[in-house]
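Read-outs: derived from the displayed coordinates by stated rules, not from any lab. None of these values were measured; they are calculated from a predicted model. Backbone-built Cβ (ideal geometry, glycine too); neighbour counts: all protein chains shown.
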Amino acid sequence: MDSLPRESHPPTNTPEYAVSEIAGAIKRTLEGAFGRVRVRGEITELKRYHSGHVYLSLKDEWARLEAVVWKTRVPQLGLVPENGLEVIATGRISTYPDRSRYQLVVERMEYAGTGALLARIEKLRQRLLAEGLFDEARKVPLPRLPEVIGVVTSPQGAVIQDIRTTIARRFPRRILLWPVAVQGAGAAEQIAAAIRGMDALPAGGPIPRPDVLIVARGGGSLEDLMAFNEEVVVRAAAACSIPLISAVGHETDTTLLDFAADRRAPTPTAAAEMAVPARADLLADLAHTAARLQQAAAHALNGARLRLLGAERRLPDVPGRVQQARQRLDDRAERLDRAAAALLRARRETLAPLRVPHPREAIAARRAALGLLRTRIEAAWRRRHEAWKCERALVSFSDAPVRALIRERRTALAGMAARLEGVSYQAVLARGFALVRGEAGEPVTRAAQVAAGQRLALGFADGTVDAVAAGGAPRPLRDRRATSSPREPRQGALL
């Protein structure tokens, strides 16, 4: 069986391309037709890869365009891309042949108008406000007179010069400048790093730690001030322990840094005026305070002087009172001397009837009584003897035993009388001693009891003598019999 003849293709003029050829042709066409373009759209499907590349899409109401940002271009974008952010992306159109799609290779981004910027700022402000970064309780007061003032700003331009001039005019202080970029790519990171760096300086280190920190920038558009609206700058300002003054833009400009700072200044010059007081004002306040202090001291002194004068008028005549008191004291002393002598006389008169009889009188009375008793006994004996004389039994009786008994009793009586005489203080006084009594009549038994000028009563055997002690330390008792001559009396003078 014969095979069928092959189908023959009709001849054509359409060129034939390989897949790579047509992909390259399309790429060249797109790149040649568009070159560098600016595309406005909303960022969506944002993805960041570990390689550093960023893939995203730009969309509007009718279409979507894929885009890529190579890692070498990410630091130069000018902003941080986020989903939902409306931007204007500058780049070139290219293709990705492996998937047959075209894309925008982004080189730079910027916010698409003021409305988009404000919406992004407000969204970030609401989120940071909910976290409490703008609470008034977090803010600290500024020091009255700082030693070192830290400034975070651009080293070029009029901002740092205005701050230096204002501080030098008001109250010269040491300024520590941390130069940063205040706009453009990486400016927010530099500002945040400068704030953290100032806060990390140790106290007493080689670089002085600022007492107050000023973050400043001159005026500009909203895009120029966007570095101070970045989250990294706001968080660094909220975490800073140094009192921070925000001085960004002009008085009408407001950034998120103003909400996180401890104080907001409308201009950098106003920030410098907030940081240090005016020396002239301080001198005026000091002079005013000194004048008020002097006036208050003079007023207090005058008041005290008036009170002293009033008290002096109410006081009595102190010298006259003292003289009267001295006169009364002299009168009382004189009366006291007379009263002591009168008291002593009264005591003597009281004790006179109570005088203790002399032992000799008692012995004499006893002897008289014994004599009377003996007389009566002898009389009775004689009568009895006369009655018994006639009796025979009494013829031989003798009175010898009775007489012997009487003699024995007389001897005993004489011994008792001698003993009584020996213990009597009158006998002691008769031998030359004296009884010493005080002003109240109490016996004085020791020399230490006698004070100088004390009045004493010396009792002798035949009477009493008044005496006054001359004073001096008591002298030890000596036996004068060994030292006295035969002509001197046995007892010396007491005083």
Which helices pass in the chain if a helix is a full DSSP H run, must span at least 15 angstrom along its long axis by Cα, and must have mean Kyte-Doolittle hydropathy not below -1.0?
19-34, 114-131, 158-170, 187-200, 279-314, 318-351, 359-388, 400-423
Less than 11 Å Cβ to Cβ from Gly52, Lys/Arg counted +1 and Asp/Glu -1: what total charge do the surrounding residues give?
+3
Using a Förster distance of 51 Å, how high is the FRET efficiency between Asp281 and Phe34, based on the Cβ-Cβ distance and rounded to 0.05?
0.20
Relative to the present Cα-Cα distance, how much length would full extension add between Ala112 and Arg382 at 0.36 nm per residue of separation?
79.4 nm
Karplus-derived 3J(HN,Hα) from phi for the range 448-464 (6.51 cos²θ - 1.76 cosθ + 1.60, θ = phi - 60°), whole Hz, x at Gly and Pro, runs 5, 7, 8, 9, 5, x, 6, 7, 10, 10, 9, x, 10, 5, 10, x, 10
Sorted by chain and then number, the residues having a modelled amide H within less than 5 Å of the amide H of Ile175, at least 5 places away or on another chain, are Ile149
How high is the relative contact order of the chain, in percent, with contacts defined as C-alpha pairs under 8 Å that are six or more residues apart?
8
Tell me, in nm to one decimal, what length is gained between Glu349 and His50 on full extension, where the rule is 0.36 nm per residue of separation less the Cα-Cα distance?
94.2 nm
Pop the C-beta distance of Leu222 and Gln126 into the FRET formula with R0 = 22 Å and round what comes out to the nearest 0.05.
0.75
To the nearest 0.05, what FRET efficiency results for Arg367 and Phe433 with a Förster distance of 22 Å applied to their C-beta separation?
0.25
Cα-based convex hull volume of the range 138-280 per residue, rounded to whole Å³:
98
Relative to the compact-globule scaling 2.2 N^0.38 Å, provide the ratio for the alpha-carbon radius of gyration of the range 59-139.
1.46
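In whole Å, what three semi-axes, largest first, describe the equivalent ellipsoid of the chain built from its Cα gyration tensor (square root of 5 times each eigenvalue)?
Whole-Å semi-axes of the equivalent ellipsoid: 147, 38, 20.
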Counting other beta carbons within 10 Å of each residue's own, what order do Thr269, Thr14 fall into, fewest first?
Thr14, Thr269
Compute the distance in nm between two label points, each set 7 Å from the Cα along the Cα-to-Cβ direction, one at Glu136 and one at Ala291.
3.5
Out of all DSSP beta bridges in the chain, what portion is antiparallel? Express it as a percent rounded to 5.
65
If you take the C-alpha gyration tensor of the range 22-83, multiply each eigenvalue by 5 and take the square root, what semi-axes do you get, largest first, in whole Å?
22, 16, 12
Given the chain, what count of lysine pairs have C-alpha atoms under 23 Å apart, with each pair 8 or more places apart or on different chains?
8
Vicinal HN-Hα couplings computed from phi for the range 87-104 (Karplus, 6.51 cos²θ - 1.76 cosθ + 1.60; Hz; Gly/Pro x):
9, 10, 9, 10, x, 9, 7, 9, 10, 10, x, 4, 10, 6, 9, 9, 8, 9
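Please give the length that would be gained between Arg92 and His299 if that part of the chain were fully extended, namely 0.36 nm times their separation in residues minus their C-alpha to C-alpha distance (nm, one decimal).
Net length gain for the segment: 65.9 nm.
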With a point put 7 Å past each Cα toward its Cβ, work out how far Tyr425 is from Ser20 in nm, to one decimal.
15.8
